[in-house]
Amino acid sequence: MKQSIGSRLFHAANYAVLSLIGIVTLFPLYYVLVVSFTDSREYAEKNGFILFPTNWSTAAYEYLFSTSAFVDAAAVSTFLATIGTALSLIVTAAIAFSLSRKRLRGRQFILVAVVLTLLFNPGIIPPYLVVKELGLINSVWSLIIPVLTSGWYVILMKSFFDNIPVELEEAAMIDGSSDIGTFFRIVLPLSLPALVAFGLFYAVAYWNTFFSAVLYINDYAKVPLQIVLRNMLVDSSTSTGGAAAVEMVSEQQIPTQTIKMAAVVISTLPIVCLYPFLQKHFTKGVMLGSVKG
């Protein structure tokens with residue numbers, strides 16, 4: 001069907017506006033990436049404004065991975081994103097699956113308690129006192145245990161488990177499977193889209209851990225990557241987070257701005273690289289519970 005002139009102009013205007021928005025959105029990311037690979041001399045010659053560097057350099061990345069503070073922070077964030085995500089998925093799935101089965105005693109009371117966590121926020125002081133009484137101050141577990149699960153995620157995953165036939169569980173019990181065995185061997189494999197979706201949510205949250213680290217961690221060797229990145233960007237320090245300005249560092253005289261951009265790239269790259277591999281299951285998981293049938 002041949003389009004009219006007005007329709008063509010409308011589509012052309014849409015493409016132009018969307019292209020402009022895309023360029024405006026992606027340009028800061030492109031600029032950060034380019035500056036992080038820029039040679040120190042070229043950066044100084046062009047006063048920091050570089051669209052495409054002539055001489056590419058990995059000196060900023062080499063410097064960051066040579067500093068113990070940055071490497072330790074990256075290790076802490078990796079631990080949080082892996083171990084924390086795995087534990088959160090297991091706990092969330094276990095609670096949600098239990099609540100989806102009507103034979104659970106006190107099911108309604110527990111479900112109401114989960115919903116109440118969505119309505120009332122305890123604030124900052126009560127969680128801090130709990131973490132202190134548990135002896136978790138200055139421990140990386142203080143960044144995992146208080147946020148091990150989410151009431152909202154439990155409710156959403158429960159709606160997913162409601163669609164799993166009870167007959168599968170009964171058949172497994174007839175074959176001699178225990179409740180735990182049924183959960184790990186049958187329920188979790190069938191819940192892969194939901195697990196991937198919520199796993200990505202949890203991984204992003206753990207990787208971006210910041211405020212809880214400010215509250216609970218006193219040892220700078222145990223802080224996550226976002227704390228080090230914040231200190232670099234705000235306090236102009238690449239290692240200790242002090243207020244001393246670092247204009248040029250290392251033997252290669254690397255500009256501070258280049259190091260900051262490299263740190264930003266490193267802190268965002270894992271999640272950006274992870275999403276394409278999970279996109280297939282993620283798009284299915286985000287729709288869970290939206291359609292009943």
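Residue by residue, here is whether (1) in the same structural domain as ASP72 (by TED's automatic domain parsing); (2) farther than 18 Å from TRP207 by Cα; (3) touching a Ser or Thr at 6+ places or on another chain (Cβ under 6 Å); (4) open to solvent by 80 Å² or more (accessible area, probe 1.4 Å) holds:
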site: ILE83; (1), (2), (3), (4): yes, no, no, no
site: ALA86; (1), (2), (3), (4): yes, no, no, no
site: LEU89; (1), (2), (3), (4): yes, no, no, no
site: ALA96; (1), (2), (3), (4): yes, yes, no, no
site: ARG101; (1), (2), (3), (4): yes, yes, no, no
site: PHE109; (1), (2), (3), (4): yes, yes, no, yes
site: VAL115; (1), (2), (3), (4): yes, yes, no, no
site: LEU136; (1), (2), (3), (4): yes, yes, yes, no
site: TRP141; (1), (2), (3), (4): yes, no, no, yes
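Conditions (1) surrounded by fewer than 11 Cβ atoms within 10 Å (Cβ to Cβ); (2) touching a Phe, Trp or Tyr at 6+ places or on another chain (Cβ under 8 Å), marked per residue:
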residue: ILE5; (1), (2): yes, no
residue: ALA44; (1), (2): no, no
residue: ILE50; (1), (2): no, yes
residue: SER57; (1), (2): no, yes
residue: SER68; (1), (2): yes, no
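With (1) open to solvent by less than 30 Å² (accessible area, probe 1.4 Å); (2) modelled with pLDDT under 85; (3) in a helix (DSSP H, G or I) as the list, and ILE164 as the residue in question, which single condition is left unmet?
(3)
Pick out, from segment 1-100, the helices (runs of 4 or more DSSP H) lying fully within it that include 2 or more residues that are touching a residue at least 60 places away in the same chain (Cβ under 8 Å) and either touching a Pro at 6+ places or on another chain (Cβ under 9 Å) or over 30 Å from ILE145 (Cβ atoms) (or both).
On the way: elements: 5-36, 40-45, 59-64, 68-79, 85-100.
Here the list reads 5-36, 40-45, 59-64, 68-79.
Matching residues to (1) under 19 Å from SER191 (Cα atoms); (2) of a type outside the set (A, V, I, L, M); (3) more than 24 Å from the chain's Cα centre (by Cα):
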site	(1), (2), (3)
PHE52	no, yes, yes
TRP56	no, yes, yes
ALA59	no, no, yes
TYR63	no, yes, yes
SER68	no, yes, no
ASP72	no, yes, no
SER77	no, yes, no
ILE90	yes, no, no
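Of (1) open to solvent by 40 Å² or more (accessible area, probe 1.4 Å); (2) part of a helix (DSSP H, G or I); (3) closer than 28 Å to LYS222 by Cβ, PRO122 satisfies all except one. Which?
(2)
So that you can scan it fast, the table gives a plain yes or no per residue for (1) among the hydrophobic types (A, V, I, L, M, F, W, C); (2) within 17 Å of the chain's Cα centre (by Cα); (3) closer than 26 Å to LEU156 by Cβ; (4) not in a helix (DSSP H, G or I):
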{"position": "VAL196", "(1), (2), (3), (4)": "yes, yes, yes, no"}
{"position": "LEU200", "(1), (2), (3), (4)": "yes, yes, yes, no"}
{"position": "ALA205", "(1), (2), (3), (4)": "yes, yes, yes, no"}
{"position": "VAL214", "(1), (2), (3), (4)": "yes, no, no, no"}
{"position": "ASN231", "(1), (2), (3), (4)": "no, no, no, no"}
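The values are calculated or read from the model by the stated rules, or taken from the named source; none is laboratory data. Just so you know, these numbers come straight off a predicted model, no measurement behind them. In this analysis, Cβ positions are derived from the backbone assuming ideal geometry, glycine residues included, and neighbour counts consider all displayed protein chains. Ligands, DNA and RNA are stripped out before the accessible areas are found, and what is left, the full protein with its side chains, is counted by its heavy atoms. Shrake-Rupley method; radii C 1.70, N 1.55, O 1.52, S 1.80 Å.
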